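The values are calculated or read from the model by the stated rules, or taken from the named source; none is laboratory data. Source: prediction; values computed, not measured. Cβ: placed from backbone, ideal geometry, glycine included. Neighbour counts: every protein chain shown.
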């Protein structure tokens, strides 16, 4: 079991002057080895307020993105364990210990929020993402996008090249660790309304989340994506062909093309699966 004294808290922050001081001060009594704020090119007093509250601040010269700030924090940390949390006070610092404690047995511990703690629009979107990710990974995922999580630093370094620079790093890190064989635990947490304005754009970032889910799953388990597509194509082609034979006594070109497409997609997925397996053995 990990101890807060072995952990660095990494807080990515962009124009979070309204909440950063309270976030840092709330963490101070927990006894972490270090509280590291990565100021992602803020134009307000985020960096100064974080330093005044007792955090070490690393600055980006311009806004690179939430994920880029997280990657900087991972590289800058010297601790074996990293706790990631948001700077907007929605995460309760008192719950940090229950995320840190299972590290050792688990490589990644994610704070899972209740749907009641989220807005209707965000809860609906997150529920859809969770359902898709759970089906593709063949494991229940209570919260795919929570930014409150603890992990072994080395495990994060193993997948850091996969993390995007934008807001999708929670999704990417969760799926990457699950599909690469790391141990992942979900722990229930509470979440308050954030202070300040959210930087997430639901339509644009929601589309990116979906793309990332498919990207990670096709990287580690391609047949989970290609097999259903092949199956639909084959079933449609065969059904269309049978219907035409019974009604017109001939097999249409469209049926043959759909069957061929299904076979090609399945073979492509099978080859991709073999390549993914070879990468896992390296």
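Being assigned to a helix (DSSP H, G or I) and loosely packed, with under 13 Cβ neighbours inside 10 Å is the filter here, so list the residues in region 247-256 that pass it. Steps first, please.
First, the residues of region 247-256 that are assigned to a helix (DSSP H, G or I): 247-248, 253-256.
Those that are assigned to a helix (DSSP H, G or I) and loosely packed, with under 13 Cβ neighbours inside 10 Å: 247, 248, 253.
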Q | Failed item in (1) surrounded by fewer than 17 Cβ atoms within 10 Å (Cβ to Cβ); (2) under 14 Å from residue 268 (Cβ atoms); (3) in contact with a helix residue (DSSP H, G or I) (Cβ under 6 Å, 6 or more places away or on another chain), with residue 230 passing the rest | A | (1)
(Q) Being closer than 11 Å to residue 189 by Cα and at pLDDT 90 or above is the filter here; which residues of region 91-123 pass it? (A) 91, 92, 93, 94, 95, 96, 98, 99, 110, 111, 112
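Please note which helices (runs of 4 or more DSSP H) are completely contained in region 36-153 and include at least 2 residues that are assigned by TED's automatic domain parsing to the domain that holds residue 12, in contact (Cβ under 8 Å) with a residue 60 or more places away in the chain and surrounded by fewer than 22 Cβ atoms within 10 Å (Cβ to Cβ).
66-76, 96-100, 120-137
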Q: Mind counting the residues in region 157-195 that are touching a strand residue (DSSP E or B) at 6+ places or on another chain (Cβ under 8 Å), more than 24 Å from residue 222 (Cβ to Cβ) and either free of Cβ contacts under 8 Å to residues at least 12 places away in the same chain or not in a loop (DSSP other than H, G, I, E, B) (or both)?
A: 6
Q. What are the residues in region 11-35 that are part of a helix (DSSP H, G or I) and under 23 Å from residue 165 (Cβ atoms), if any?
A. 20, 23
